[in-house]
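**Student:** Pasting in a structure now, in structure tokens, and then I'll have a few things to ask.
Nothing in this text is a laboratory measurement; each read-out follows from the coordinates by a stated rule. Not measured: the values here are computed from a predicted model. Neighbour counts are summed over all protein chains in view; Cβ atoms, including those assigned to glycine, are modelled from backbone coordinates with ideal geometry.
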Amino acid sequence: MVNDIECTTEKIYRKGRRFKKRKRVFSFLFVLFIAAIVFAYNRYFVFNQVYEICRAESLTISAESLNEASLLSLSSVEYSDLIRVEKDASGKITLLSANSAKINKINKDLAVKCEVIMSDKIASGIPVPLFSFSGLRILSGFGPTVRFKSVSVPRVKSEFVSEFLSAGINQTLHSLYVKIDCEIDLIFPLEKKTVECSSTVLVSEAVLVGEVPEFYLKGARSA
């Protein structure tokens, strides 16, 4: 009789242990499941929404920085400082020669100024409405502003672009632009996103009177 009671007690004890073990496993799996849902929600809703806001702001900052840098570097630049036009006795343009030293200096100065201005603008972080972190698009523009500060500018490159445009009979508009290409890195907890920005600003232009050699006009557009 005593042995039967002892066996029954042992069985109850073992069942209790198994139940507690299963409960712990279930609790662990439940927590793991909730964590996976939270991670997926943050990755595919919150992350994408915050990234789009930061990307749009980065493009705006890039354009503003180029405009400000252009005012500092290009305000006194004239067409004749960059391009020398030579004509023959009949008025036909025989040569357009670029002032390479001047152009290279402007390129370098503009890229440096643009990078400095851009870095200053993002130093305090990119403004993001707080409710954007909810992942709900309808709330993305609301709430107090928080600053996303994991931002850097690893590369800024500038180059001159020349364009010829027909401006009438025997007249050609020659425009000189500076194109700025830059990268802005947005560093998130589990991923880094690079925003590629490109902006163009007019440096100078002039109407060339006289016949322009055909090889200068390749790719020219008509007004």
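**Student:** Quick one: in the stretch 151-208, which of the residues that are outside any strand (DSSP E or B) and in contact (Cβ under 8 Å) with a residue 60 or more places away in the chain is surrounded by the fewest Cβ atoms within 10 Å (Cβ to Cβ)?
**Tutor:** Ranking the qualifying residues of the stretch 151-208, first place goes to Leu190.
**Student:** Next question. Taking helices (runs of 4 or more DSSP H) that do not extend beyond the stretch 37-132, which have at least 1 residues that are within 15 Å of the chain's Cα centre (by Cα) and surrounded by 14 or more Cβ atoms within 10 Å (Cβ to Cβ)?
**Tutor:** In the stretch 37-132, 47-74, 100-122 are the helices (runs of 4 or more DSSP H) which contain 1 or more residues that are within 15 Å of the chain's Cα centre (by Cα) and surrounded by 14 or more Cβ atoms within 10 Å (Cβ to Cβ).
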